[in-house]
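The values are calculated or read from the model by the stated rules, or taken from the named source; none is laboratory data. Owing to the predicted nature of the structure, the values given are computational and were not obtained by experimental measurement. So basically every Cβ, Gly included, is an ideal-geometry build from the backbone, and we count neighbours across all protein chains shown.
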């Protein structure tokens, strides 16, 4: 008799190995153990789950000066900037400015080479006031190697020529600073924010 192929066990290490963001791992392992949904065909295209990695949505709540919650229930952190955390000086001003820009409005979300942060939030570029649905470059567009990147983007995406990049508006208003990580590749609009 031939040897039967044992199905691959869904473990946290396996999910990390195929590139699943940490924010999704606990839920996927739970779902596989308790039989909730079919995860056996999970692969490197997990980001095609449009319920989680949505391209647009309406802002339900502004958490702080760099984080919003959409009506889908997930938190999205504005990548590339850092606003004062709750309790810090000027945090209420930053939260107020972000609320003014995106509160209860439709936003368009663009993904970059990093999917999530240590707090389980999805990292996104946020666009507002677009004339139509923007055509974003793929999330891995900037990635060349571990910490090397392509040249950064300086123009708005097609479909959002009249729109605004929320991170840029927060920096211009003095409510956030540009955030760069040591030993990480450049982000799509990082240079644009510095200018």
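(1) in a loop (DSSP other than H, G, I, E, B); (2) at negative phi; (3) out of contact with any helix residue (DSSP H, G or I) (no Cβ under 6 Å at 6 or more places or on another chain): which one isn't true of residue 183, the others all being true?
(2)
Being more than 13 Å from residue 125 (Cβ to Cβ), outside any helix (DSSP H, G or I) and out of contact with any helix residue (DSSP H, G or I) (no Cβ under 8 Å at 6 or more places or on another chain) is the filter here; which residues of segment 156-177 pass it?
Selection gives 158, 159, 161, 162, 174.
In segment 154-173, what count of residues is obtained for those that are free of Cβ contacts under 8 Å to residues at least 40 places away in the same chain and within 26 Å of residue 118 (Cβ to Cβ)?
Residues in segment 154-173 being free of Cβ contacts under 8 Å to residues at least 40 places away in the same chain and within 26 Å of residue 118 (Cβ to Cβ): 1 in total.
Looking at segment 84-104, is at least one residue assigned by TED's automatic domain parsing to the domain that holds residue 183, buried (at least 18 other Cβ atoms within 10 Å of the Cβ), under 16 Å from the mean Cα position of the chain (by Cα) and under 20 Å from residue 181 (Cβ atoms)?
No.
It is to be established whether one or more residues within segment 99-118 are more than 18 Å from residue 51 (Cα to Cα) and assigned to a strand (DSSP E or B).
No, segment 99-118 contains no residue that is more than 18 Å from residue 51 (Cα to Cα) and assigned to a strand (DSSP E or B).
Since residue 193 meets every condition but one in (1) over 26 Å from residue 49 (Cα atoms); (2) out of contact with any helix residue (DSSP H, G or I) (no Cβ under 9 Å at 6 or more places or on another chain), which condition does it not meet?
(2)
Within segment 170-190, can you find the residues that are more than 17 Å from the chain's Cα centre (by Cα) and surrounded by fewer than 19 Cβ atoms within 10 Å (Cβ to Cβ)?
Matches in segment 170-190: 172, 173, 174, 177, 182, 183.
Among the residues of segment 124-139 satisfying the criterion of being outside any loop (DSSP other than H, G, I, E, B) and touching a residue at least 40 places away in the same chain (Cβ under 8 Å), which is farthest from residue 164 (Cα to Cα)?
Initially, segment 124-139 is screened for residues outside any loop (DSSP other than H, G, I, E, B), giving 124-128, 135.
Of the ones still in play, those that are also touching a residue at least 40 places away in the same chain (Cβ under 8 Å) are 124-126.
Numbers: 124: 14, 125: 11, 126: 8 Å.
By that ranking, first place goes to 124.
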